[in-house]
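Let me begin by presenting the structure, written as structure tokens, before commenting on it.
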Amino acid sequence: MPVRMQLNRVITSDLNDQHAIYLKEVEGSRRFAILIGEFEASIINRRLLEESPYRPLTHDLLKNTIDILGGTPVEVVITEMSDNTYYAILKVSRDDAIIEIDCRPSDAVALSIHYDPPLPIYVAEDVLEQVC
């Protein structure tokens, strides 16, 4: 059963290539970090600080595309971790069907905070057992 998590922190570093998001269990104490790219860290941090980009960026494009095509994002699920790589899906509802879109967790989390309220984030229990 997936566990509800929330974005807890974003760490960006100007000194090295280590950028991370920290997810925290909503109704518990487990938390863990996912290393992400500089672009995704910057986008997530910018959205959290409510700074709009000059032009629409990739996650704005994806949000606009989903909206225009009549989809409604439902949730983000981090489904597995293998060889230190996390895997995720974005669930989108359209025409009474749930469409699961394979994506990187960093992109899914970045997209989730483009919505108000942010999309729920879930992590598979077996992933939490591996990392916590």
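Based on this model, can you work out whether residue 50 counts as under 20 Å from residue 131 (Cβ atoms), open to solvent by 90 Å² or more (accessible area, probe 1.4 Å) and part of a loop (DSSP other than H, G, I, E, B)? No: the conditions fail for residue 50. What do you reckon, is residue 40 assigned to a strand (DSSP E or B), in contact (Cβ under 8 Å) with a residue 12 or more places away in the chain, of a type in the set (Asp, Glu) and under 17 Å from residue 121 (Cα atoms)? So residue 40 fails the test. Would you check if there is a residue in the range 95-104 being basic (Lys, Arg), part of a strand (DSSP E or B) and over 16 Å from residue 24 (Cα atoms)? So far as the range 95-104 goes, no, none of its residues is basic (Lys, Arg), part of a strand (DSSP E or B) and over 16 Å from residue 24 (Cα atoms). Selection of the range 55-97 for residues being open to solvent by less than 30 Å² (accessible area, probe 1.4 Å) and not hydrophobic (A, V, I, L, M, F, W, C) yields 59, 60, 71, 73.
For the range 66-76, state whether one or more residues are touching a Pro at 6+ places or on another chain (Cβ under 6 Å) and either closer than 18 Å to residue 128 by Cβ or at pLDDT below 90 (or both). Within the range 66-76, one or more residues are touching a Pro at 6+ places or on another chain (Cβ under 6 Å) and either closer than 18 Å to residue 128 by Cβ or at pLDDT below 90 (or both). In the range 107-132, the qualifying residues are those that are part of a helix (DSSP H, G or I), in contact (Cβ under 8 Å) with a residue 60 or more places away in the chain and more than 23 Å from residue 56 (Cα to Cα), and the one that is least open to solvent (accessible area, probe 1.4 Å) is 128. Pairs linking a residue in the range 2-30 that is under 22 Å from residue 91 (Cβ atoms) and open to solvent by less than 30 Å² (accessible area, probe 1.4 Å) to a residue that is among the basic types (Lys, Arg) and assigned to a loop (DSSP other than H, G, I, E, B), with Cβ atoms under 8 Å and 6 or more positions apart or on different chains, are 3/30.
The values are calculated or read from the model by the stated rules, or taken from the named source; none is laboratory data. From a predicted model like this one, the values you see are computed outputs, not experimental measurements. No Cβ is skipped: glycine too gets one built from the backbone with ideal geometry, and neighbour counts run over all protein chains shown. Only protein heavy atoms, including side chains, enter the accessible area calculation; ligands, DNA and RNA are left aside. Shrake-Rupley method; radii C 1.70, N 1.55, O 1.52, S 1.80 Å.
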